[in-house]
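Structure first, then comments.
Values in this text are rule-based calculations from the coordinates and carry no lab data. Quick caveat, the model's predicted, so the values are computed rather than measured. Cβ placement follows ideal geometry from the backbone for every residue including glycine, while neighbour counts extend to all protein chains displayed.
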Amino acid sequence: MTIGFERITIIGVGLLGASLGLALKKRGSKAAITGVGRRQESLDTALRLGAVDTASLDPLEASLEADLVVIATPVQQVIPLLELLAPRLSPQCLILDVASVKKDICAHARRLFPLPRRFVGCHPMAGSEKSGPEHGNADLYEGTVCLLECSDDLAEETLAEARSFWEFVGTRVIEMDPAQHDDFLARTSHLPHVAAAAVAQIVHDSGASRSMIGQGFLDVTRIAASRAEIWRDISLSNREALLGAIRELRNSLDAFESALEKSDAREVEAFFVKAAEARHKVISS
């Protein structure tokens, strides 16, 4: 399998961007890859690791000759970058992003780009609680799912290019409406981060230490170690959907709390039975 891009610019050389560059090289891409960052230190690390071939602090200059631009920045930087790039890039240049919130970004892109639109909203569901190019991994995307914007103003050829690119680095692509994506991610990703953060704080405030905790705490709170500013931006960008998910969680906890207050063994057990069944159905579907 090959991809037809000769000059690729990756804006953002953190974990996702650096891993993307490494994945492309490992799988035999001959494209010249330019990495763009805000700190020379990060760019130097990406260069040293071989994730990119050249580096720049200027996203526009680095993208002018590219036939593919991938925006791998935190979510709230995506729209300003689209506004910067849209008037200047070649109509043939394909632009992708990796943000975990899609509705506002895709809606803004529809207003910015002429038809046939060459921006496709993407969300490769890969990552780690670690950050920075030093944690880049050529196999980060292998075996993961990439959710791809489904929109009636995207040409099938453009979608096919985006699909082929993500499949090249090892993902399985699923097309999804941007609003549906945000509702889905609010419950499968964003809410779990909020819950993990809350549990971590509760345990800390109880005075517990490493010697007092077991694997359950470590499993549940691993993602709470992620960078706070990234999750601040994600939470605010997906505010409405996340608020809905939080209300659903609160309703579930309220029901469990009521059963517990009444020492209702049947309802308490049913809570855990239903949860186990629900988890099994989700992961086996």
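For the range 7-176, the spread of Cα positions along the three principal axes, ordered from largest to smallest, is 41, 33, 29 Å.
In a DSSP loop and with at most 16 other Cβ atoms within 10 Å, the trypsin sites (Lys or Arg not before Pro) in the range 115-157 are LYS130. Shown is the FRET efficiency for LYS262 and ALA228, computed with R0 = 30 Å from the Cβ-Cβ distance and rounded to the nearest 0.05: 0.20.
Magnitude of the charge dipole for the chain, about its Cα centre and with charges confined to Cβ atoms of Lys, Arg (+1) and Asp, Glu (-1), is about 380 debye. Dipole check for the range 32-125: with +1 at the C-beta of Lys and Arg, -1 at the C-beta of Asp and Glu, and the Cα centre as origin, the magnitude is about 460 Debye. DSSP beta bridges fully contained in the chain are about 10 percent antiparallel. The packing ranking of peptides 120-127, 161-168, highest mean first, is 120-127, 161-168, where packing means the average number of other beta carbon atoms within 10 angstrom of each residue.
The range 7-59 and the range 96-160 have Cα centres lying 17 Å from one another.
Spin-label model, SER284 to ARG187: label points 7 Å out along the Cα-to-beta-carbon direction sit 2.0 nm apart. Annotation for GLU41 and LEU112: the two label points, set 7 Å from Cα along the Cα-Cβ direction, are 2.9 nm apart.
Net charge in the neighbourhood of TRP166 (other residues with Cβ under 14 Å of its Cβ; Lys, Arg +1, Asp, Glu -1) is -3.
Rounded to the nearest 500, the helix-only mean residue ellipticity at 222 nm of the chain stands at -15500 deg cm²/dmol, with each DSSP H run of n ≥ 4 adding -39,500 (n - 2.57).
For LYS262, LYS103, LYS26, the sequence from fewest to most other C-beta atoms within 10 Å is LYS262, LYS26, LYS103. Place a point 7 Å from the Cα of ALA270 along the Cα-to-Cβ direction; which residues of the range 226-258 have their backbone N under 19 Å from it? Correct set: 249-258.
Quote the FRET efficiency, to the nearest 0.05, computed for ARG27 versus THR54 with a Förster distance R0 of 22 Å and r equal to the Cβ-Cβ distance. Result of the calculation: an efficiency of 0.65. Measuring r between the beta carbons of GLU6 and ALA155 and using R0 = 22 Å, the FRET efficiency lands at 0.60. In units of the rule-of-thumb radius 2.2 N^0.38 Å, the range 181-284 shows an alpha carbon radius of gyration of 1.20. By DSSP, the beta bridges lying fully in the range 7-176 are antiparallel in about 10 percent of cases.
Each 10 Å bin from zero holds the following percent of Cα-Cα pairs in the chain: 6, 25, 33, 20, 10, 5, 1.
Connecting C-alpha atoms closer than 10 Å in a GNM of the chain, tell me which of LEU20, LEU47, LEU260 has the biggest fluctuation. Sorting by GNM fluctuation, first place goes to LEU260.
Structure remark: mean-square fluctuation, Gaussian network model of the chain, C-alpha springs under 10 Å; the largest value among VAL52, VAL13, VAL268 belongs to VAL268.
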